[in-house]
Structure formats: C-alpha cells, structure tokens
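Written below as structure tokens is the structure these notes are about.
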Amino acid sequence: MLRQALTLAFCNSTVSEFKANNKLHLVIGDGFGSLTSLISLCTDNKIVSINLNEILLVDYIYTRGIFSDTNTALVTTEAETREAFEDSNIRLIYIQAQNHSFLRVLPVHFAYNIASMQEMNPVTVKRYFDDLRNCMSRGVNFYCCNRIEKTLPDGTISRFSEYPWSSDDIIITDELCPWHQYYYSKSPPYY
C-alpha cells in the first residue's frame, strides 16, 4: 500500500490536473484494490478498474469498504460501459480484462499500471497501448511502472523498452522507481 501511496503522491506533484474534476482514472491490474481505494480518497472522480476475472473479484471484495454496490458497476458490453460512465451514482466501473477494448469508449485521463504489464505477453501490452491511444480523451497521462525485463512462464520475454512507446509520447520521467526496488520474496534473502 505504501508503494501505491508514493505513486499517487508522485502523480499529484508532477501532473497539474491530477485532482481536477471530471477526470477519469483507470487502474490496469490493481490487485487487492489498493490503488483504486487510494485514488478514491484523493479525488471524487470516477475510476475504472480492469483485471483478470479472479483478481477483479478480489479487487471488488477489498474495495467494498469504500464503495457500496450502488456506486459500482461491472460492465459486460460497450453500451453498459457508456451507461455506467454517464450514471452520476456510479463511481467505480469494473471491466474484465478480456473486455479491455471497452476502454476505447471512455475518456481516460489518467492510467496506472504497476507491476502487471510485466505479467502480460507483448501482444496484450500492445492492445492496452492501442486502447489508451484510441480512447475518447485527447490525451492520457500514463504511469507505467514495471520490470525492465521479465521471462514469462511460457518463455516469452517482456521488456519495458519494447513496449509500444511512440515518438509523440511526452515522457515526464524515465528512471528506476525508487519505491519499487525492494520487495518481499518467498526465497532468500526474502527482501
């Protein structure tokens, strides 16, 4: 949770519109609803959480302390996505990962991906980038924090430098994230 809090503090200090009204926040692959919960405490704006089915259920369970069922929607069509976005009572929209293309009908202003694109194969990463580049907003502020390189279980290598970055992208910072250099592990040295 501390890493997500530091991420939001960084975004707030570097992007002037971070707390502006009517800005949609997107969390790709949250896990335990941590970042989604913290965003809800920083802003009154709508949030979209997209994740694999099983983990999206975990996100839902963990965010129930902040969001009631009347303030959330699980969308399964583009039409439901638009309706949930336009509904002033809905604050949090859940999208299953296989429906990531629904992002194209939303005006995403801020997107966050922390250590989950590194779990995706390069084709899936490209699809998310395409969705963000083709969503309804004029530009997306994208916080992307993943390993430099990771070998996936099937042997595919995911490389941060090979994500489909564009020469038109405005890079605010490109460096190792200081609060993501250390983590707990099941094997020695454990930290």
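Quick notes on this one:
- Here is the P(r) of the stretch 129-191: all C-alpha pair distances, binned every 5 Å from 0, give 3, 12, 18, 20, 19, 13, 8, 4, 2, 0 in whole percents.
- Accessible area (Å², per residue) of the stretch 103-173, counting only protein heavy atoms and a probe of 1.4 Å: 56
- Under 14 Å, Cβ to Cβ, from Val123 - net charge with Lys/Arg +1 and Asp/Glu -1: -2
- Considering the chain at the alpha-carbon level, its Rg and Dmax are found to be 16.2, 49 Å.
- Under 10 Å, Cβ to Cβ, from Met136 - net charge with Lys/Arg +1 and Asp/Glu -1: +3
- Straight-line cross-link partners of Lys150 among the lysines, defined as a Cα under 23 Å from its Cα and at least 8 positions apart when in the same chain: Lys126, Lys186.
- Tyr182 - accessible surface, heavy atoms, 1.4 Å probe, Å² rounded to 10: 150
- Proximity of backbone amide H atoms, modeled 1.01 Å from N, is registered between Lys23 and Lys46 at under 5 Å, excluding neighbours fewer than 5 places apart on the same chain.
- Ratio Rg/Rh [Cα only; Rh per Kirkwood] for the stretch 67-108: 0.93
- Accessible surface of the chain [probe 1.4 Å, protein heavy atoms]: carbon and sulfur percent: 53
- Charge tally in the Cβ shell below 14 Å around Ala97, where Lys, Arg are +1 and Asp, Glu are -1, Ala97 excluded: -4
- When Rg and the Kirkwood Rh are both derived from Cα coordinates, the Rg/Rh ratio for the stretch 73-150 amounts to 0.98.
- The antiparallel fraction among DSSP beta bridges confined to the stretch 68-173 stands at about 25%.
- In the stretch 34-130, the alpha-carbon atoms span a convex hull of 99 Å³ per residue.
The values are calculated or read from the model by the stated rules, or taken from the named source; none is laboratory data. All figures in this text were calculated on a predicted structure; none of them were measured in a lab. Virtual Cβ from ideal backbone geometry, glycine too; neighbours counted across all protein chains shown. Only protein heavy atoms, including side chains, enter the accessible area calculation; ligands, DNA and RNA are left aside. Shrake-Rupley method; radii C 1.70, N 1.55, O 1.52, S 1.80 Å.
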